[in-house]
Amino acid sequence: MSADNAVDAERAADDRRRGLRRIDLRRLGRAALLGPGARDRLPGAIEHLIKVHRARHPQAGPEAVETLRRAYVLAESSHRGQTRKSGEPFITHPLAVTLILAELGAETTTLTASLLHDTVEDTDVTLDQVRKEFGAEVTYLVDGVTKLEKVDHGAAAEPETFRKMLVATGSDVRVMSIKLADRLHNVRTLGVMRPDKQARIAKVTRDVLIPLAERLGVQALKTELEDRVFAILHPAEYARTQAMIAANAQRPDLLATIAEDLRKVLRDADIPAEVAIRPRHAVSVHRLLLKRGGTELGGGDFGRLLVLVGEDADCYAVLGELHTCFTPVIAEFKDFIAAPKFNLYQSLHTAVADAQGRIAEVLVRTRQMHRVAEAGVIALGDPHAAAEHLHSAAGGVPSPATSGAGRAPTGSAAAEAWGRVDPTQPGWLARLLEWQRDAPDPDTFWTALRDDLAQDREITVFTAEGGDASGTIRLPAGASCVDAAYAVHGEGGRRCIGVRVNGRLAPLGTRLRDGDSLQLLLDDAAASRPAADWLEHATTPAARIAITRWLAQHPAPADDDQPATAPAARPTRAASTAPAAQPAAVADLPGATVRLARCCTPVPPDAVTGFVIRGGAVTVHRVECPSTARMTATGRTSVPVGWRDGTPAGGYRATVLAEALSRPRLLADLTEVIATEGVGIVSAAVEPPQEHRVRHTYTVELPDPQALAGLMRAMRAVPGVYDVYRAKPAVTATRS
């Protein structure tokens, strides 16, 4: 069975098992496009498109229908004589893309632009013609998805085309909606291409288009794209997953039994609701299998129950009945209604066990939430019309989409200036648009874009700049204080010399968590500069690009290896400051300067690896350091490194932590033991006691690597100390 047929068979089985209709983008396109007589079927296809559109938008009148007819006539006539690699008339592609969007509920302007989206790129039709026939808004969308010519841009054509689309999306998210539907239809028909080209397109889809679909909340597109890319890039694992799904379909349906029990509970409680089974798609099953360590999945693992109600309050009423009449699995409860995801998604998530102990995951949402969960920003309609409505209601200025002033400004500051918070202008998109302007070349932009999109979760951090100035910023999960400094101050982030996280001094490399309170300490001196090792802490493209550009423009002296974070690295109490350790390792890179990473302080005989940073220098990390995994995951190439023979003049630097019961003179006793061992203290930090326990952190200079084990034994012998260990940098989340 081919990958396409396997996917279709899975969806067909899903439909038979469920009482609730799911948006089926595959069947829609084929019903409209397949059949004998290509020329005869096309007029029927446009009639089908209009029927689907009016079913989603009953208010679409004769004018909307006529606009779609005219767009189809122009597209069909201009593409006439062109064929796809499959041999089908080319018009089948824009028509299929438009049908996908129509099924998702896109409004007339989007559908018109979708029918025309390849005309300017592949025919003699010009943007001026489109503007004359269909107006400025349709022209903007068509221009936004039109590719740049390889003859003009060479290898940079693809990244620069995506840059162009993203900038256009910043003013109108419908540009990316059309692109996502376009890519979905192209991926469906990849079977006619060479395997190497299939793989190349699938990888770009995986790294860029799927994360964009996720961020825009268009789950109906995202899930099919994921499954088809999975089938192309991992055919054996895909086949195994499909076999598991097929085998489960032959067994008694556990979820159907629990669904019927739930329907009875809700009827008895007089809560109007639809209860259906929502099967997991192939990639979701595969992820769950990996999460369970590869063990066999149970019947309830192949799907979830979906409960649809009319109002928000009904969602919580359903939740109450669920947790009263079944046994709740409290660890699985999440409220995405009170705290929606960054991609507009809202639902209550929970899991319950019935009387026999069988567990089912349950999603509870309103019907409107369900439409947004499936179609994301497409379900919101025309963003400019929504903005105009909001402004009119508030007595504000007219929307620029209708006033002739151009497109609406983007970003959070612009949203505030317009007196609204536009859900189609999310914070992640504003950040992306800001840093892409500073990406100096297509390669940097392309790499940074994939890194940015790999961050699939956001956190909220509360900031205070001293005094009464405060606010909130949104950052990707895993962001550090360095990222926050550049997010708040832009280029001025280089002036940050220290931070307080939740009221305590912390290193700039500290990874922030959702809800953290952050105060950035700034140096007003004009000579303030970022340290080279900030690049090891920065995860956001905005911070990395700014740091790299500043360091390139302001080369440091060869012996300048001290980080600008030094004041923050010595909180609470600092002991003597010994000279920095001289290079103790060598790299398999002739002439490279070698530095030991401060995040994991490697010491012989630690297993180590290296990464090239600015100016060709190599930073040495312990193999188990989370920074090693993070840089490897982002495509950074490691450099073989090894330890020098003998001991360098400055000794070795290491960081050790001591956990103890809090008592008087503990600090004095520990520092005395360290000195007795002949070890110099570079810095010391003492965290506030919690439940009579305290943790001390010491960065020390060792006369030789063998001294580390003796030092740790001596520290463990201090009364009250119950553990001493090497520093382990905080592990940051990585995208699977």
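The values are calculated or read from the model by the stated rules, or taken from the named source; none is laboratory data. As the structure is a prediction and not an experimental result, all values here were calculated from the model. Using ideal geometry, Cβ is built from the backbone for each residue, glycine included, and neighbour counts are taken over all protein chains shown.
Could you identify the single residue in 118, 152, 124, 196 that is at pLDDT below 95 and either touching a strand residue (DSSP E or B) at 6+ places or on another chain (Cβ under 9 Å) or buried (at least 18 other Cβ atoms within 10 Å of the Cβ) (or both)?
Values: 152 fails: either touching a strand residue (DSSP E or B) at 6+ places or on another chain (Cβ under 9 Å) or buried (at least 18 other Cβ atoms within 10 Å of the Cβ) (or both); 124 fails: either touching a strand residue (DSSP E or B) at 6+ places or on another chain (Cβ under 9 Å) or buried (at least 18 other Cβ atoms within 10 Å of the Cβ) (or both); 196 fails: either touching a strand residue (DSSP E or B) at 6+ places or on another chain (Cβ under 9 Å) or buried (at least 18 other Cβ atoms within 10 Å of the Cβ) (or both).
None of the others qualify; the one that does is 118.
What are the residue pairs meeting all of these: first residue in region 284-304, first residue assigned by TED's automatic domain parsing to the domain that holds residue 353 and over 20 Å from residue 252 (Cα atoms), second residue hydroxyl-bearing (Ser, Thr, Tyr) and not in a helix (DSSP H, G or I), Cβ atoms under 7 Å, and 6 or more apart or on different chains?
That search, which allows pairs on different chains as well, returns 287/736.
Which residue out of 690, 706 is in the same structural domain as residue 722 (by TED's automatic domain parsing), under 23 Å from residue 604 (Cβ atoms) and without any contact (Cβ under 8 Å) to a residue 24 or more places away in the chain?
Details: 690 fails: under 23 Å from residue 604 (Cβ atoms).
Checking each option against the conditions leaves just 706.
Table: residues versus (1) modelled with pLDDT under 90; (2) in contact with a Pro (Cβ under 9 Å, 6 or more places away or on another chain); (3) of a type in the set (D, E, K, R).
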| position | (1), (2), (3) |
| --- | --- |
| 339 | yes, no, no |
| 350 | no, yes, no |
| 377 | yes, yes, no |
| 382 | yes, no, yes |
| 395 | yes, no, no |
| 398 | yes, no, no |
| 419 | yes, no, no |
| 424 | yes, yes, no |
| 434 | yes, no, yes |
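Matching residues to (1) within 30 Å of the chain's Cα centre (by Cα); (2) under 30 Å from residue 239 (Cα atoms); (3) in a loop (DSSP other than H, G, I, E, B):
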site	(1), (2), (3)
286	yes, yes, no
296	yes, yes, yes
300	yes, yes, no
308	yes, no, no
321	no, no, no
331	yes, no, no
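How many residues does region 336-350 contain that are more than 23 Å from residue 212 (Cβ to Cβ) and in contact with a helix residue (DSSP H, G or I) (Cβ under 9 Å, 6 or more places away or on another chain)? Step through it out loud before you land on a result.
As a first pass, look at region 336-350 and keep what is more than 23 Å from residue 212 (Cβ to Cβ): 337-338, 348-350.
Now restrict to residues that are in contact with a helix residue (DSSP H, G or I) (Cβ under 9 Å, 6 or more places away or on another chain): 337, 348-350.
Adding up the residues that qualify gives 4.
So, in region 328-342, how many residues would count as being surrounded by 15 or more Cβ atoms within 10 Å (Cβ to Cβ) and not hydrophobic (A, V, I, L, M, F, W, C)?
Of the residues in that region, 4 qualify.
Which residue out of 125, 120 is assigned by TED's automatic domain parsing to the domain that holds residue 193, in a helix (DSSP H, G or I) and not small (Gly, Ala, Ser)?
Residue meeting the stated conditions: 120.
Does region 314-322 contain at least one residue that is crowded, with 17+ Cβ neighbours inside 10 Å and of a type in the set (Asp, Glu)? Spell out how you get there, then give the answer.
So the first thing to find is which residues in region 314-322 are crowded, with 17+ Cβ neighbours inside 10 Å, and the list is 314-315, 317-319, 321-322.
Right, trim to of a type in the set (Asp, Glu) and you get 314, 321.
Checked region 314-322: at least one residue is crowded, with 17+ Cβ neighbours inside 10 Å and of a type in the set (Asp, Glu).
Where the second residue is in a loop (DSSP other than H, G, I, E, B) and at pLDDT below 65 and the first is more than 15 Å from residue 592 (Cα to Cα) and lies in region 640-653, which pairs have Cβ atoms under 7 Å and are six or more apart or on separate chains?
Taking only residues 6 or more apart or on different chains, the pairs are 648/581; 648/583; 650/579; 650/580; 650/581; 651/581; 652/581; 653/581.
Select from region 691-734 the residues that are of a type in the set (S, T, N, Q) and part of a loop (DSSP other than H, G, I, E, B) and write down the one among them that is modelled with the highest pLDDT. Give the steps one after another, and end with the answer.
If we filter region 691-734 for residues that are of a type in the set (S, T, N, Q), which is where we start, we get 697, 699, 706, 732, 734.
Restricting the remaining residues to those that are part of a loop (DSSP other than H, G, I, E, B) gives 706, 732, 734.
On the way: 706: 80, 732: 37, 734: 33.
Only one residue fits best here, namely 706.
Can you name every residue in region 674-690 that is β-branched (Val, Ile, Thr) and either part of a helix (DSSP H, G or I) or closer than 26 Å to residue 644 by Cα (or both)? Even if it seems obvious, please write down each step before you answer.
First, the residues of region 674-690 that are β-branched (Val, Ile, Thr): 674, 676, 679, 681-682, 686.
674, 676, 679, 681, 682, listed by residue number.
Going residue by residue through region 476-486, is there one that turns out to be more than 16 Å from residue 536 (Cβ to Cβ) and among the hydroxyl-bearing types (Ser, Thr, Tyr)?
no
What are the residues in region 135-147 that are buried (at least 19 other Cβ atoms within 10 Å of the Cβ) and either modelled with pLDDT under 85 or not charged (D, E, K, R) (or both), if any?
138, 139, 140, 141, 142, 144, 145, 146
Please work out if residue 471 is more than 16 Å from the chain's Cα centre (by Cα) and part of a helix (DSSP H, G or I).
Spelling it out, it is not the case that residue 471 is more than 16 Å from the chain's Cα centre (by Cα) and part of a helix (DSSP H, G or I).
For residue 131, state whether it is without any contact (Cβ under 8 Å) to a residue 12 or more places away in the chain and surrounded by fewer than 17 Cβ atoms within 10 Å (Cβ to Cβ). First the steps, then the outcome.
Values: without any contact (Cβ under 8 Å) to a residue 12 or more places away in the chain: yes; surrounded by fewer than 17 Cβ atoms within 10 Å (Cβ to Cβ): yes.
Yes, satisfied.
Which ones in region 226-282 are touching a residue at least 60 places away in the same chain (Cβ under 8 Å) and aromatic (Phe, Trp, Tyr)?
Across region 226-282, the qualifying residue is only 238.
Residues are listed down the side, and each one gets a yes or a no for (1) buried (at least 20 other Cβ atoms within 10 Å of the Cβ); (2) assigned to a strand (DSSP E or B); (3) at pLDDT 75 or above; (4) not assigned by TED's automatic domain parsing to the domain that holds residue 499:
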| position | (1), (2), (3), (4) |
| --- | --- |
| 440 | no, no, no, yes |
| 446 | yes, no, yes, yes |
| 450 | no, no, yes, yes |
| 459 | no, yes, yes, no |
| 463 | no, yes, yes, no |
| 466 | no, no, no, no |
| 475 | yes, yes, yes, no |
| 478 | yes, no, yes, no |
| 482 | yes, no, yes, no |
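Of the numbered conditions (1) modelled with pLDDT of 80 or more; (2) assigned to a loop (DSSP other than H, G, I, E, B); (3) of a type in the set (A, V, I, L, M, F, W, C), residue 600 fails exactly one; give the number of that condition.
(1)
Restricting to region 128-144, name every residue that is touching an Asp or Glu at 6+ places or on another chain (Cβ under 7 Å) and among the hydrophobic types (A, V, I, L, M, F, W, C).
The answer is 141, and nothing else.
Output the residue which, of all residues in region 60-83 that are at pLDDT 90 or above and assigned to a loop (DSSP other than H, G, I, E, B), is surrounded by the fewest Cβ atoms within 10 Å (Cβ to Cβ).
First, pick out the residues of region 60-83 that are at pLDDT 90 or above: 62-83.
Adding the requirement that they be assigned to a loop (DSSP other than H, G, I, E, B) leaves 80-82.
Numbers: 80: 12, 81: 9, 82: 13.
By that ranking, first place goes to 81.
Please verify whether residue 275 is farther than 30 Å from residue 247 by Cβ and modelled with pLDDT of 95 or more, treating the condition exactly as stated. Walk me through it before giving the result.
Details: farther than 30 Å from residue 247 by Cβ: no; modelled with pLDDT of 95 or more: yes.
It is false that residue 275 is farther than 30 Å from residue 247 by Cβ and modelled with pLDDT of 95 or more.
Please give the number of the condition residue 163 fails out of (1) touching a Phe, Trp or Tyr at 6+ places or on another chain (Cβ under 8 Å); (2) of a type in the set (D, E, K, R); (3) more than 30 Å from residue 139 (Cα to Cα).
Every condition holds for residue 163 apart from (3).
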